[in-house]
1. Top to bottom by accessible area (1.4 Å), largest first, where do ILE498, ILE28 land?
2. LEU132: net charge of surrounding residues, Cβ under 10 Å, Lys/Arg +1, Asp/Glu -1, itself excluded?
3. How large is ³J(HN,Hα), in whole Hz, for each residue of the stretch 350-356 in order, when computed from phi with the Karplus curve 6.51 cos²θ - 1.76 cosθ + 1.60 and θ = phi - 60°, using x for Gly and Pro?
4. Which one, PHE372, GLY351, GLN566, projects farthest toward the positive side of the charge dipole computed for the chain from Cβ point charges (K/R +1, D/E -1)?
5. In whole Å, how far is the Cα centre of the stretch 132-154 from that of the stretch 240-309?
6. Round to the nearest 10 and report in Å² the accessible area of MET222, as given by a 1.4 Å probe over the protein chains' heavy atoms.
7. Rounded, prolate or oblate: which fits the stretch 455-584, taking a ≥ b ≥ c as square roots of the Cα gyration tensor eigenvalues, rounded meaning a/c under 1.5, else prolate when a/b beats b/c?
8. Which of the three applies to the chain, rounded, prolate or oblate, going by the alpha-carbon gyration tensor with a ≥ b ≥ c and a/c under 1.5 meaning rounded?
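The values are calculated or read from the model by the stated rules, or taken from the named source; none is laboratory data. Not measured: the values here are computed from a predicted model. Heads up, the Cβs are rebuilt from the backbone with ideal geometry, glycines too, and the neighbour counts pull from every protein chain shown. Side chains included, ligands, DNA and RNA excluded: accessible areas come from the protein's heavy atoms. Shrake-Rupley method; radii C 1.70, N 1.55, O 1.52, S 1.80 Å.
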Amino acid sequence: MTTSETTASSSATSMRTHLCGELRPENIGETVSVCGWVGRRREHGEHLAFVDLRDYSGIIQCVVDNDVDVRSEYVLRITGVVRQRPEGTINDSLPTGQVELGECQVEILRKADPPPFPIDSRADEVDEMVRLQHRYLDLRRERMQKNLRVRAAINSSIRGAMDAQGFVEVETPMLVPSTPEGAREFLVPSRKEPGSFYALPQSPQLFKQLLMVAGVDRYYQMARCLRDEDLRADRQYEFMQLDMEMSFVEQDDVLAAVSEAVLEATEVSTGVRLPAIERITWHDAMERFGIDKPDMRFGMELTDLTAVFDSTGFKAFAGAASIKGIRVPGAAADYGRNKLDKLTDHAKSLGAKGLVWMRVVDVGEGSEGSGFESPVAKFLSSEETAALRSTMEAETGDLLLIVADEWMTTCEVLGALRNDLGRPPVHEGPYNFVWVVDFPLFVGVDKETGRPKPGHHPFTTPHPDDLDKIESDPLSVRSIAYDLVLNGWELGSGSIRIHDPALQRRVFQALGISDEEAELKFGFFLNPFDYGAPPHGGFGLGLDRLVAILAGEENIREVIAFPKTQSGADPMTNSPIPGDPKALAELGLKILPPST
Ligand code: ASP
């Protein structure tokens with residue numbers, strides 16, 4: 001998407017006729033006025049200087065009188081005549097590179113102090129703290145202006161797609177009760193009721209479900225969600241979500257509505273309409289990619305080797321519940337002992353008992369070798385090495401990595417290694433959306449209570465085929481919960497909600513939530529269902545992540561105008577700051593000394 005498509009007429013104001021970046025040979029001879037910031041200034045002979053004037057649309061070279069004292073980032077209005085650049089000074093890499101402004105009258109609108117970093121791509125190398133401290137200068141740069149505009153275009157295309165599908169945008173409150181979605185919440189003290197707190201919404205979950213009871217039928221909102229969780233490249237305290245909910249639906253209806261919105265957003269920012277989004281079950285995603293958010297842009301899928309080693313004499317493999325391997329094509333030569341030791345340590349830190357590595361080598365004619373260079377090769381029979389080679393379709397020069405463990409550990413460790421060793425950078429694209437469906441209803445067992453832990457929130461419908469296993473074999477119960485994944489990033493999740501009170505009680509019971517506790521915690525939310533809740537389901541899609549990927553950025557901070565640092569601070573406004581004692585007293589709060 002280029003910003004230079006803006007037409008002169010739509011961006012003209014009482015101070016300017018054109019944007020800097022939109023002047024072209026067609027404008028030659030016109031007297032124009034442009035406004036912006038001084039990018040570069042170069043001397044041009046004895047009496048003249050070149051000044052590059054910049055606004056969000058680009059830059060235009062202006063030839064000004066050398067006596068005019070203009071410096072970096074001064075804000076100017078320049079009126080001049082568009083003319084062809086002289087032979088030899090044409091710059092083909094610049095959209096305005098054929099022309100320049102001559103006979104310039106320069107008006108200084110505001111002087112500027114020298115900026116702490118250059119307002120161009122060189123700032124990419126500057127410490128992020130400094131960029132964030134002067135975010136208004138960082139945002140003045142082309143890359144950041146592009147990101148803000150990609151974001152705006154995506155927001156507006158998503159709104160358009162939701163509106164076109166009959167969804168109604170409804171705003172929900174920011175001061176809410178605690179919700180049971182699992183993340184740590186921000187609390188806001190109540191002045192009227194000292195000692196009581198609101199929570200900031202993790203998502204509008206409760207309200208959107210009540211909107212279904214209210215008969216809204218199709219709700220959406222570009223919603224701000226807040227979670228007090230440690231920040232990472234794809235996580236901020238505050239983030240934006242396309243939040244939606246629909247009535248009288250099954251899973252297919254929700255997936256279709258969300259797919260339309262994200263495919264529309266992708267088309268708006270890339271120009272390409274992708275085909276329908278494919279689906280994979282959670283189980284298959286784990287089996288093939290070792291992760292519930294598979295990056296399907298590249299191969300290196302997990303190969304099951306349990307059968308290959310089912311009667312092995314090799315101790316580390318014998319009796320293992322699951323043996324799998326990945327093949328890193330052509331990587332044998334790159335992985336010396338040192339690197340392999342590091343990979344093994346990494347695998348162990350992820351929970352594996354160990355990592356078996358094997359370099360695939362040439363079996364010379366008549367040679368006795370196994371075809372593998374590996375400390376474990378001598379423990380494997382020739383049948384096993386032959387079966388390994390063919391099952392993994394291994395070729396000379398490949399590196400094989402094998403894990404033998406519990407199924408989940410085997411999958412997760414190899415899934416992480418696969419990403420570490422094979423995943424292309426975000427900006428390389430292409431865009432590979434996938435729906436991951438049939439998530440487990442429960443994930444693991446709470447060590448303290450011995451109860452299964454909910455995989456999603458406790459209102460998620462169990463899979464109809466698994467209802468009889470809720471009590472007897474809870475961990476094998478699937479749910480009608482689904483995630484949307486793009487290039488290995490989880491964009492969001494959703495579910496069809498429990499609609500039958502008896503089923504809701506069974507799920508609460510499995511989680512160890514008594515009737516009394518359920519009434520206390522969720523009564524205000526679930527009791528209204530008794531007034532006639534329609535069957536419903538929905539989804540929450542992380543917009544920051546979608547925008548980051550479509551803008552080719554690895555970190556969501558690059559697509560958020562005013563993000564927090566990794567440690568949750570805002571160096572521009574210096575927040576958070578200690579509470580004012582008067583305000584604390586009014587709220588009935590006392591700060592305890594930090595615990596040591
Ligand atoms: N509230 C859920 C979330 O934020 C999404 C949903 O279930 O609709 O992940």
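1. Final ranking, largest accessible area leading: ILE28, ILE498.
2. 0
3. Karplus-based 3J(HN,Hα) across the stretch 350-356 equals 8, x, 7, 6, x, 9, 9 Hz.
4. Most positive-ward Cα: GLN566.
5. 29 Å
6. That residue has around 20 Å² of solvent-accessible surface.
7. Verdict is oblate for the stretch 455-584.
8. Taking the square roots of the gyration eigenvalues as a ≥ b ≥ c, the chain is oblate.
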